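Enquirer: Questions regarding the structure given below will be posed in turn.
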Amino acid sequence: MLRRKLSAAFIILTFFLSFGFIARAEESPVLKLTIEDAVKKGLENSIALKQVQNQMDLSDLALDRAKYQSKKLKDAEKQLSKGKSELQEAQSSVENLEGLIEGNAASQDVTLPNGLVIKAGQTLDDVKKIYNLDENTINTLKTQFQAQIDMIKPQIKAGLDSLSYGESKLDSALMEAGTEFSDKLNFESLKSLDIKSTEDLMTTIAEISNEVTVASYNIYKNQIALLIQKSYYDVLKNKKMLEVKQRAVDRAKKQYDIAAESYATGMKAKDDMLLAELYYKKTQIEYQQALADLNNAVTEFKKNINVPQNTQIELTDVLAEEVKDEDLEQGLQSGLANRLEMKRAFGQLVVNSLSFDSIKKTYPEITFQYKEAALLKEKARLEYENTKVAVESSIRQSYETMKRTGEMLKLTQQMVDEAKEVVDIASYKYSEGFGEDNSLLKKLDLESASGTIVEVLAAQENLADVEEKVIEIMYGYNLARMNYYNSIGKFVY
């Protein structure tokens, strides 16, 4: 019985040890990332970017299809034109031969089987006299002409049927293409365009759509990279905030210990200890909130780079503390050339202008079709101008935000050191029992608290606020600069 219990215990112990070993073996290693690494991994894992890539592939396919259809239309037009020319030639030949049989003059030269030629304007009687032919020879020629007519006429009928079928298919393709363009351009009359105009519009629309799609890929890629950067900055910011809160907790703990010890020895009043204790607990509460903010920021960052949430990460600090000058004029030029909305608006203007040029070749100015095409062209031009104004405004605003935030960052350089010095002075005055008003106490309307625990706690609170403000401004500047790059269409990645 004892042996059975020991065996069971050994099995259970082995199981837990094995489980612990497996658990440790399955723990993922720490993923150390620079901001460039994070963006690269996020772009590789981005489902949204894969969707844009898929759309770009579809756009490439649409462009290939448009070129293929355009070539088919052009080939069909050439084939029909050749068929019409051959039919006209055959019909003319039949009419000429029939006329000769009936005694009329030839409308074009006819070469006889024996090599003689009937010139245009000559009759068979003229030929009979010129070449001294007998009546039997003339009758033989008429019989040969009739046989040739009988052979050509069925070919003409078949050719006409084939030509009619080809024209029907071509008209159907033109109407289908015109209807497709009408949906894209909101212009019903496009189905009435000629073949050349349809070919031009078909390829132009496909090429512009493809160009916009390619541009959108780069822009979406950049925006995804910026989103990853922002979430990277969020983690760093909240990590720094947690460090600030931890320092506040440490300072509060130290002050509470001093106040408690002073009270225990009868050197300080009990309310000093209670105030120090309350402030200490307050800093602990704020620390917990900062910890929650950091954990949530890490969760969001992992989501944005699409890695499992149980992945351990370690990020390199890249928050810029130095202000970088930017050229606004260069930024405006870049934004007006590269922003997606500008490319879309310009593409629409090009297409509507081309459709107008095609329509005015077919319809006079008094027609509804002409007027509609002209109005749509003007609509695209106005939309382009409006987009240009909006883009320039957004660039200038993002530049101003970055500029002012940068100036704020410059002003924070000495703030923390000065706030720390205020804490040191307040702590010294409290420990020595020396009271004197200062600007901080006047600001807080606590002049009577000079040299007391209240002054020390106020100085510590002020230091924590300053440290947080510096982090907020540093973080704000990095985001403002990142947003400015996005506004001017600068592809960081």
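The values are calculated or read from the model by the stated rules, or taken from the named source; none is laboratory data. Keep in mind that what you see is a predicted model, and the values were worked out from it rather than measured. Don't worry about glycine lacking a Cβ; one is built from the backbone with ideal geometry, like all the others, and counts go over all protein chains shown. All accessible areas refer to the heavy atoms of the entire protein, side chains included, with ligands and DNA or RNA removed. Shrake-Rupley method; radii C 1.70, N 1.55, O 1.52, S 1.80 Å.
Enquirer: Tell me the carbon and sulfur percent of the accessible area for region 218-315, rounded to whole percent, probe radius 1.4 Å.
Expert: On region 218-315, the fraction of accessible area on carbon and sulfur atoms equals 53 percent.
Enquirer: Relative contact order, percent, of region 308-423 when contacts are C-alpha pairs under 8 Å separated by at least 6 residues?
Expert: Worked out over region 308-423, it gives 35 percent.
Enquirer: Determine how large the accessible area of residue 415 is when every protein chain is in place; take a 1.4 Å probe and give Å² rounded to the nearest 10.
Expert: Its accessible surface works out to 60 Å², give or take rounding.
Enquirer: For region 222-363, calculate the relative contact order in percent as a whole number, restricting contacts to Cα pairs under 8 Å that are 6 or more residues apart.
Expert: 29
Enquirer: So what is the accessible area of region 232-372 per residue, in Å², with the probe set to 1.4 Å?
Expert: 57
Enquirer: Shifting gears a bit: Which of the peptides 356-369, 245-258 is most tightly packed, and how do the rest follow, judged by the mean count of other Cβ atoms within 10 Å per residue?
Expert: The densest-packed peptide leads the list: 245-258, 356-369.
Enquirer: Something else about it: Around residue 249, under 11 Å between beta carbons, what's the net of Lys plus Arg minus Asp minus Glu among the other residues?
Expert: Overall, the nearby charge balance is +4.
Enquirer: Counting only the heavy atoms of the protein chains, how much of residue 89 is accessible to a 1.4 Å probe, in Å² to the nearest 10?
Expert: 130
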